[in-house]
Amino acid sequence: MRSLRVWLTILLCGVLWISVSSCFNASPAYISTSKTRNIHLVVKMNKGDYWNTLKLGAEAAAKEFNVNLTFKAPDSESDIEEQIVMVEESIKEKADVIILAASSYMGLAQVVDQAAYSRIPVISVDAEVGSARVRSYVGSNGYEAGQKSAERLIELLKGYGEIGILNFTNSSPDQGPGSTGSIDYGARDADEREKGFLNYAARYPNVKVVQISYTSSSTSEAESLTREMLEEHPGLRGIATLNEIASQGAAKVIQSAGKGYLKMIAFDSSPSMMESLQDGTVQATVIQNPFSNGYLAVKYAVEALEGMDIPERVDTGTKLIDLENMLWPENQKLLFPFVR
Amino acid sequence: MNKPKEPVFPLRPPSPKRGKLRIPSKLRSIQLIITLTFTAVTVAVAVIVSIMLYGKFAKTAEENANLNMQQIIEQVNYNLELYVKGMGSIFATAEKQITSSPSIDSPLLNERMDTLMSSREDLVSVAVFTPQGQYVVGTPGQNLRLNTGLESQSWFTTAKRTSEISYSAPHIQNLFRGRYTWVVSISKLIQYQENGELRTGVLLLDFNFRTIDQLSKQVKLGKRGYAYILDPLGNIVYHPQQQLIYAGLKYENVEPVLEYAYRSYLDESTGEKRFITVRTLAQTGWKIVGVAYYDEIVTTKRDLNQFLAWFLGVVLVCVIAVSVFLSWLIASPIRKLERTVKQVAEGDLNTPINVSGAYEVEQLSKRFNMMLQRIRQLMDQIIYEQETKRKGELEVLQSQINPHFLYNTLNSVIRLAERGKTGEVVTMIQSLSRFFRISLSKGKNIITIQEELDHIRHYLVIQSFRFKNKFRYEITAQEEVLQCQTIKLILQPIVENALYHGIEMLPDEGLISITAELQDGLVIIRVSDNGLGMSKETMNVILSGGVKSTSGSGVGVRNVHERIGLYYGREYGLSFQSEIEEGTVVTLIFPARPAGEGMEEQKEEMNP
């Protein structure tokens, strides 16, 4: 009887306490920023406006969610080995999350599995990686981007003519300098864009893709590749470049060679590309959303750490920008990061 | 314990529902009632006070926070106003220089423009265009890009439309080679001279966001709060997360803000409570909007919350502890008392009740103890009295045939016979025979005073032979008293005492006088002698049994006293008056009862 009374009293206290405290406290709906998280961002290359903008986005998110962001990138987009080493280091340093823009779809697969084995979530940004253990992919649809590029180029060429493509990091083992050693798989995004472009171009029998060149990650190499292409195919009417470096190199060659008749569709929105667009060297450019990519990757990384459900795939979209729409206010906001 | 309790109101018809809801008796214990009541009252008071305090403090905190925020935004507004004024005056200076210059392409003007540009870090470019969009003049070293599309840009169209100075929304400056910069443009239609001709043109001044940034960045509205600036059309001029908004990753609900020029309100459109304060810049129509998170600016409120929750918890625990203790303090002695009383009720009269606690309980226990003591005392007394009675009766029985007395008397008879005093022998034997007859009196305990007086007379006759007429005696009695009852053998021990202790040692002749009278319904018998008397000490102890006569019949004076006390009541008995060398008077007092009353029961009692 006595113990029953004691239990009754304790129960009463508990109920009262809960009811009182529940009246006063409601948990905030935003992500807790009280603890610092270590997130490692490993991208393809440590230079180029594209990666800078992506980094800006990641940093904005890092600031917002109290993240200690470690940014790592090899000097060259084709340096797969270096990138693998960097991910391995991040695993060793016990990063909370690794965000990876893989230079090689298959090349990075093993190390991503390794990270997952160490219970480090991996989020891929921009370029996918061949591992089932990736929590989420944040980036644009490369295939769609390639199609957009092809669509506009063919329209500009009025549906006929020879086309050259300047892509990056080779996907086939025997071609180009992008392949290194035993790993012979290219970056997923490059692959997808090329596929998108070719599939679209295949609908037009009069359109011939006469050459596909692969640049690693230097503008000068892109320039020489473009020159070679122009020499080899004097009848070339259009060029499509599938990343920032390639676009810059090709634009430079076209401008300096005075080949104004050549139609060119570029990729990404570096300021120099905007200049080329404005002075008419380049007719259009397919832009992605690097700032959003960086920001969302970090945001989802934090949410994953918080145990929230994150989408498996986030498409940040692509857009075709030409001279006409580049100054539309909404495009200005996309093209030119608001840097302070 | 298990038998069903009587209903509290037995006359009320018991409804079955009531019966079910009746509180079990265990729950009606004093301790539980006190605990619950005390706790409930205290908690209720604490909660009410807390809620009132909370409301009061929270309101004040909210008002303060709101006021504080308004002041901050006001400050930003003021600073921006100054800045915009500064921009306006720079524009005015540039305009003046251009208008007053004799020719637009004069080197002096060029130089001045250059100075102007280098004097301000936030000035991006200065240029003059013709109304057709042709570049006229600008700061040196600027190369116009192709395909600028400036004719359709807002700063150009607005300047052409009005003659007022106009401020553009933030946009990318794409006119000159170099960088693409986010700027705010100020433009106006002005007059300038070229080749001696007066022409109109559009003067453009581009400012970057450096200063606006600096002015707005300082704004701290709590941890997450911020301020942003809108132009009259709802374009964001400044926002701490401008790029996120531009990229479509964040969204700012500007519609309600645009409707008001000066306002403070609580916004819940994002699902979170936010304080919004709007102020409008006079010259540009820009709106400065302060956003503070409700739960943050009223951190005091949450602190208070937490404090109150803790406070209530602690109070609750304390109150329960105190009330449990207090009720235990009150209830436990009562419960102890109850247990003890139960023991007593079960028959253990020797249970000591030593309950300490509240005054009332202590008193109750004390009184109960006293009652118990009295019961015990009475019971002891009854036992004692019964014992004494039996002892007395036994003694009386013994004294009825006292062998020593008989032996002495017979010795005296023998001596008289030897001397041939036949008459005296006859008297003696007669007296002895009567003495014994009355002594036995057929086993009766109650006799008349007449018989008792006869008895003592015979005794005295016998003793006077033995003491060789050493004393005289006289017995006087009122006529009425003779038929009254008395317990037997009450005079003989007293007389014997007087003979052996008072008269035997007396050199002179002794006198024993016995008187019996009726007074106010009381029988008073006095036995007086003129013997040695006794001291006060002897008198004091004689009735308490301190002195036991070594000789004599053995039926002590005390025995007489006790028998009277037992039979008639404690207030009756013997009393002594004595003077040394003068004599002693023993007075026996007991109520008068006519003969034949209560004889029957007496008889029965005598023969158990």
Computed [θ] at 222 nm, deg cm²/dmol, chain B (DSSP H ≥ 4; -39,500 (n - 2.57); rounded to nearest 500):
-16500 deg cm²/dmol
About the Cα centre of chain A, how large is the charge dipole given +1 on each Lys and Arg Cβ and -1 on each Asp and Glu Cβ? Please answer in debye to the nearest 20.
1300
Relative contact order, percent, of the range A:142-287 when contacts are C-alpha pairs under 8 Å separated by at least 6 residues?
28
Neighbours of A:G146 by Cβ distance under 12 Å: Lys/Arg at +1, Asp/Glu at -1, summed charge -2
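Quick check: with the 1.4 Å probe, what order do B:C484, B:C318, A:C13 take by accessible area, largest first? Walk me through the numbers on the way to the answer.
Numbers: B:C484 10, B:C318 70, A:C13 30 Å².
The ranking, largest first, comes out as B:C318, A:C13, B:C484.
How many lysine pairs does the range A:142-287 hold where the Cα atoms are under 16 Å apart and the two sit 8 or more places apart or on different chains?
Final tally of qualifying lysine pairs is 8.
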Give the average over all directions of the projected area of the C-alpha convex hull of the range B:437-542, one decimal, in nm².
7.5
Please work out how much accessible surface A:D49 shows to a 1.4 Å probe, ignoring ligands, DNA and RNA, in Å² rounded to 10.
60
Name the long-range amide H neighbours of B:L522: under 5 Å, sequence gap of 5 or more, or other chain; modelled H, no Pro or chain starts.
B:A592
Cα Rg over Rh - the range A:142-287, Kirkwood
0.94
Whichever lysines have a C-alpha closer than 26 Å to that of B:K59, once near sequence neighbours (fewer than 8 apart) are set aside
B:K220, B:K223, B:K273, B:K301
In Å and from the alpha-carbon atoms only, list the Rg and Dmax of the range B:72-176.
15.0, 47
Out of B:L150, B:V43, B:Q132, whose Cα points farthest toward the positive end of the dipole of the range B:39-156 (charges: +1 Lys, Arg; -1 Asp, Glu; placed on Cβ)?
B:V43
Using a 1.4 Å probe on protein heavy atoms only, how many Å² of accessible area do A and B hide from each other, summed over both chains and rounded to 100?
3700
Quote the FRET efficiency, to the nearest 0.05, computed for B:M52 versus A:N68 with a Förster distance R0 of 51 Å and r equal to the Cβ-Cβ distance.
0.65
What is the set of long-range amide H partners of B:G510 at a cut-off below 5 Å, with H atoms built 1.01 Å from backbone N?
B:F471, B:R472
On full extension of the chain, what length is gained from B:L27 through B:L233, given 0.36 nm per residue of separation minus the C-alpha to C-alpha distance?
66.9 nm
Using the Kyte-Doolittle scale, find the helices of chain A whose mean hydropathy is at least -0.5 and whose Cα atoms extend 27 Å or more along the helix's long axis, counting only whole DSSP H runs.
A:2-24
When the dipole is taken about the Cα centre of the protein assembly as shown, and only Lys, Arg (+1) and Asp, Glu (-1) are charged at their Cβ, what size is it in debye, to the nearest 20?
2960
Dipole of the protein assembly as shown, positive end: most advanced residue of A:V85, A:G14, B:S464 [Cβ charges, Cα centre]:
B:S464
Return the whole-Å distance between the Cα centroid of the range A:264-301 and the Cα centroid of the range B:219-267.
27
What longest range of chain B stays clear of loop-exposed chymotrypsin sites (Phe, Trp or Tyr not before Pro) (DSSP non-H/G/I/E/B, at most 12 other C-beta within 10 angstrom)?
B:263-608
Set the Förster radius R0 to 51 Å, insert the Cβ-Cβ distance between B:W328 and B:K273 as r into 1/(1 + (r/R0)^6), and round the FRET efficiency to 0.05.
0.60
Obtain the radius of gyration and the Kirkwood radius of chain B from its C-alpha atoms and give Rg over Rh.
1.72
Quote the FRET efficiency, to the nearest 0.05, computed for B:Y265 versus B:S118 with a Förster distance R0 of 45 Å and r equal to the Cβ-Cβ distance.
0.50
Would you work out which of B:H404, A:A62, A:V210 lies farthest towards the positive end of the dipole of the protein assembly as shown, given +1 charges on the beta-carbon of Lys and Arg and -1 on that of Asp and Glu, about the Cα centre?
B:H404
If contacts are Cα pairs under 8 angstrom and at least 6 residues apart, what is the relative contact order of chain B in percent?
10
Under the Karplus curve 6.51 cos²θ - 1.76 cosθ + 1.60, θ = phi - 60°, whole-Hz ³J(HN,Hα) for the range B:125-137, x wherever Gly or Pro sits
7, 10, 7, 10, 10, 6, x, 8, x, 7, 6, 9, 8
Given an 8 Å cut-off on Cα distances and at least 6 residues of separation, report the relative contact order of chain A as a percent.
19
Note: B:D303 to B:T130 extended length (0.36 nm per residue) minus current alpha-carbon separation gives 56.0 nm
Where does the protein assembly as shown land on Rg(C-alpha)/(2.2 N^0.38 Å)?
2.18
Shielding of A:5-11 by partner chains, average beta-carbon count, 10 Å
2
Count the DSSP beta bridges whose two residues both fall in the protein assembly as shown, then state the antiparallel fraction as a percent rounded to the nearest 5.
65
All Cα pairs of chain A, percent lying beyond 29 Å
44
At q = 0.33 Å⁻¹, base-10 log of I(q)/I(0) for the range B:354-394 (Debye sum, equal scatterers on each alpha carbon)
-0.95
Taking every DSSP beta bridge that has both residues in chain A, what percent is antiparallel when rounded to the nearest 5?
10
For B:K96, what accessible surface area do you get with a 1.4 Å probe? Give it in Å², rounded to 10.
150
Need one value: the accessible area of A:E330 in square angstrom, 1.4 angstrom probe, rounded to the nearest 10.
90
Looking at chain B only, what percent of DSSP beta bridges run antiparallel? Nearest 5 please.
90
Could you provide, to the nearest whole Å², the per residue accessible area of the range B:125-252 with probe 1.4 Å?
42
Give me the distance between the Cα centres of the range B:179-196 and the range B:325-400, rounded to whole Å.
118
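The values are calculated or read from the model by the stated rules, or taken from the named source; none is laboratory data. Values in this document were obtained by computation on a predicted structure and should not be read as measured data. In this analysis, Cβ positions are derived from the backbone assuming ideal geometry, glycine residues included, and neighbour counts consider all displayed protein chains. Calculation scope for accessible area: heavy atoms of the full protein, side chains included, ligands and nucleic acids excluded. Shrake-Rupley method; radii C 1.70, N 1.55, O 1.52, S 1.80 Å.
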